[in-house]
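Below: the structure, in structure tokens.
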Amino acid sequence: SRIVAIFHGAAGYMLLDDAAYNRVRNWQGGNPYKAQIAALVKEGVAIEECGQTMHNNGWRNDELLPGVKVNSGANFRIVQLVQDGYVQIQP
């Protein structure tokens, strides 16, 4: 099986590197999710950030954690994956 995790909207910040995370979240400890994201990437999970979320928030590609890909828009990407036979699981 193959897993693709799409981050968008209010959860988009979870894929930011430490400096961007600190700035966006008004925080000083870096991104607390980075180890979990790195572990998922290492296991073969595709992690994608919504390009529209990035645009809306003024984030750049170089502000993302290593291994994170950017799609053109979460909604269309999810539709594409479902049409390709993926099953959508939403928290």
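The values are calculated or read from the model by the stated rules, or taken from the named source; none is laboratory data. A quick note: this is a predicted structure, and the numbers were derived from the prediction, not measured. Cβ atoms come from the backbone with ideal geometry, glycine included; neighbour counts cover every protein chain shown. These area figures cover heavy atoms from the full protein model, side chains too; ligands, DNA and RNA do not enter into them. Shrake-Rupley method; radii C 1.70, N 1.55, O 1.52, S 1.80 Å.
Overview of values
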quantity: Fluctuation leader among 42, 34, 69 - the chain, Gaussian network, Cα springs under 10 angstrom; calculated: 42
quantity: GNM top mover of 15, 65, 81 - the chain, alpha-carbon springs below 10 Å; calculated: 81
quantity: Rounded accessible area per residue of the chain, 1.4 Å, Å²; calculated: 67 Å²
quantity: Neighbourhood charge, 13 Å Cβ-Cβ cut-off, centred on residue 49 and excluding it, Lys, Arg +1 and Asp, Glu -1; calculated: -1
quantity: Of all DSSP beta bridges in the chain, antiparallel share, percent nearest 5; calculated: 10 percent
quantity: Of 57, 26, 71, the one that fluctuates the most in a GNM where the chain has Cα springs shorter than 10 Å; calculated: 26
quantity: Segment 30-88, accessible surface, carbon-and-sulfur percent (1.4 angstrom probe); calculated: 52 percent
quantity: Cα-based radius of gyration of the chain once divided by 2.2 N^0.38 Å, which approximates compact folds; calculated: 1.07
